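Accompanying notes for the structure given below.
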Amino acid sequence: MTYKTHVAFAMTAAIPVGYFTNINDIDKIPFLFSVAIGALAPDLDEEGSYLSRRIPVMPMLFSLFGVRHRGVTHRAISVLFLLGLVIGLFFIDPGFESHLFIYFGFVLGYIMHLLGDMMTKGGINDFFFPVSSSKAVLMPRVYRFYTGSLQEYLVFIAIIGVLALEIYFFGADLYKGALIGFL
Ligand SMILES: [Zn+2]
């Protein structure tokens, strides 16, 4: 998945979550930002990815530790690690409660990234490491697509359609500007 599809796909979860949880209106756009960063973060292990080009030291650090792409950042265990980090922040961040939507948004975006990769032809190898070495995918191979392919573009268009509906139902005024900025 390209970074745009990853971000748009993550937004399809973020907008209803932002609506149905009691995140203040003023926090909703920062929440979406946090989800977007979370949706880009797993590919920090890949040299040409959107965030890596902005933080070029990250792929170098990862490769130093022998991490390959769709490796350690693409594991169920890394999501558990992130949740552990959030619990840890509870003890060191005095403003934890008012920042929780930021932490939660990041983890939500991260999970959506992994689900997105499971929709590609490659899927995610060793996702359930160390429990199982099978490949994690969301649907049969014929329905999955190659990154940057025409199929992915069609999926992206469909996602934008879903987003437009969600924005209409869950807070049109708030998100209009954000959507136009993103596109
Ligand atoms: Zn990825």
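The values are calculated or read from the model by the stated rules, or taken from the named source; none is laboratory data. Quick caveat, the model's predicted, so the values are computed rather than measured. Cβ coordinates were reconstructed from backbone atoms using ideal geometry, including for glycine residues, and neighbour counts include every protein chain displayed.
Selection of the range 1-49 for residues being in a helix (DSSP H, G or I), more than 20 Å from Thr73 (Cα to Cα), touching a helix residue (DSSP H, G or I) at 6+ places or on another chain (Cβ under 7 Å) and among the β-branched types (Val, Ile, Thr) yields Thr12, Ile15, Val17, Ile29.
Checked against the criterion of being part of a helix (DSSP H, G or I), at pLDDT 85 or above and basic (Lys, Arg), the range 63-79 has no qualifying residue.
The set of residues from the range 39-62 being modelled with pLDDT of 85 or more and within 10 Å of the ligand (Cβ to nearest atom) comprises Ala39, Leu40, Ala41, Pro42, Asp43, Leu44, Ser49. In this entry, Val7 is excluded by the filter for residues that are modelled with pLDDT under 90, within 16 Å of the chain's Cα centre (by Cα) and β-branched (Val, Ile, Thr). Do we have any residue at all in the range 116-125 that's part of a helix (DSSP H, G or I), closer than 20 Å to Ile37 by Cβ, touching a residue at least 40 places away in the same chain (Cβ under 8 Å) and not small (Gly, Ala, Ser)? So far as the range 116-125 goes, yes, one or more of its residues are part of a helix (DSSP H, G or I), closer than 20 Å to Ile37 by Cβ, touching a residue at least 40 places away in the same chain (Cβ under 8 Å) and not small (Gly, Ala, Ser). Quick test for you: out of Ser134, Ser149, pick the one residue that is more than 16 Å from the ligand (Cβ to nearest atom), over 19 Å from the mean Cα position of the chain (by Cα) and of a type outside the set (Val, Ile, Thr). Sole residue among the options that is more than 16 Å from the ligand (Cβ to nearest atom), over 19 Å from the mean Cα position of the chain (by Cα) and of a type outside the set (Val, Ile, Thr): Ser134. Out of all the residues in the range 134-156, which are not in a helix (DSSP H, G or I) and not hydroxyl-bearing (Ser, Thr, Tyr)? Listed by number, the residues that qualify are Lys135, Ala136, Val137, Leu138, Met139, Pro140, Arg144, Phe145, Gly148.
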